[in-house]
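The values are calculated or read from the model by the stated rules, or taken from the named source; none is laboratory data. Model, not experiment: these values are computed from the prediction. Because the Cβ atoms are built from the backbone with ideal geometry, glycine has one as well, and the counts that use them run over all protein chains shown.
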């Protein structure tokens, strides 16, 4: 494993809440930083996208939703302990963080990111992705999915969902630890196990 990429782990919190602002990733990260400013120093730290559905101008949080933070193993439990039991204020919405459990990252051969940032053009985007993987020493077959945008009045982030498959174990871990593209703090470029490739275009 590249020594510059720390071993990562997911800290998964029980969650209580009802609605989220449409551009919640920005407000969520700000709320997390207010409680744990040291998160800003963690280069590879990320927030996995929450499970929610569109409801007019906001999002409805799934009853089974969990908040998962991808953090370095060395600091993850300390950061999670500081967050547990706190309330995150996201505009008019609030999220209560309950107990947390560590979830080890496993070397699955097929992994999926909800959104990887990059060029608006799919061909250029895929060229950028292949260049990044080559620089990381990773070989994988790729499937590009839907284009999507996260945005509010101040910031707009665009990219595509992406599946990487036929990964060797070491490469799978490296890609999950490091992520791909930018804005990990807003849920982008974070890979999780993906078991069925055929449904990618129907997300």
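Worth pointing out:
Residue-by-condition table, conditions (1) touching a residue at least 24 places away in the same chain (Cβ under 8 Å); (2) in a strand (DSSP E or B):
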{"site": "4", "(1), (2)": "no, no"}
{"site": "9", "(1), (2)": "yes, yes"}
{"site": "43", "(1), (2)": "no, no"}
{"site": "53", "(1), (2)": "no, yes"}
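- When segment 103-129 is filtered for residues that are in a loop (DSSP other than H, G, I, E, B) and touching a strand residue (DSSP E or B) at 6+ places or on another chain (Cβ under 8 Å), the ones remaining, listed by number, are 105, 106, 108, 109, 110, 118, 120.
- Lone qualifier among 116, 47, 73 - being under 17 Å from the mean Cα position of the chain (by Cα), in contact (Cβ under 8 Å) with a residue 60 or more places away in the chain, assigned by TED's automatic domain parsing to the domain that holds residue 144 and surrounded by 13 or more Cβ atoms within 10 Å (Cβ to Cβ): 116
- For segment 130-166, a tally of residues being without any contact (Cβ under 8 Å) to a residue 12 or more places away in the chain and in contact with a strand residue (DSSP E or B) (Cβ under 7 Å, 6 or more places away or on another chain) returns 2.
One line per residue, one yes/no per condition, for (1) touching a helix residue (DSSP H, G or I) at 6+ places or on another chain (Cβ under 7 Å); (2) closer than 19 Å to residue 149 by Cβ; (3) modelled with pLDDT of 95 or more; (4) not assigned by TED's automatic domain parsing to the domain that holds residue 87:
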{"position": "2", "(1), (2), (3), (4)": "yes, no, no, yes"}
{"position": "19", "(1), (2), (3), (4)": "no, no, no, no"}
{"position": "22", "(1), (2), (3), (4)": "no, yes, no, no"}
{"position": "25", "(1), (2), (3), (4)": "yes, yes, no, no"}
{"position": "29", "(1), (2), (3), (4)": "yes, yes, yes, no"}
{"position": "32", "(1), (2), (3), (4)": "yes, no, yes, no"}
{"position": "35", "(1), (2), (3), (4)": "yes, no, yes, no"}
{"position": "40", "(1), (2), (3), (4)": "yes, no, no, no"}
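- Residue 173 closer than 25 Å to residue 25 by Cα and in contact with a helix residue (DSSP H, G or I) (Cβ under 9 Å, 6 or more places away or on another chain): no
- Condition check for residue 63: modelled with pLDDT of 95 or more and outside the structural domain of residue 146 (by TED's automatic domain parsing): no
- Hits in segment 80-94 (condition: in contact with a strand residue (DSSP E or B) (Cβ under 6 Å, 6 or more places away or on another chain) and modelled with pLDDT of 95 or more): 80, 83, 84, 86, 87, 88
- Segment 72-100, residues that are within 23 Å of residue 175 (Cβ to Cβ) and part of a strand (DSSP E or B): 72
- Members of segment 47-73 found to be farther than 19 Å from residue 26 by Cβ and touching a helix residue (DSSP H, G or I) at 6+ places or on another chain (Cβ under 8 Å), listed by number: 71
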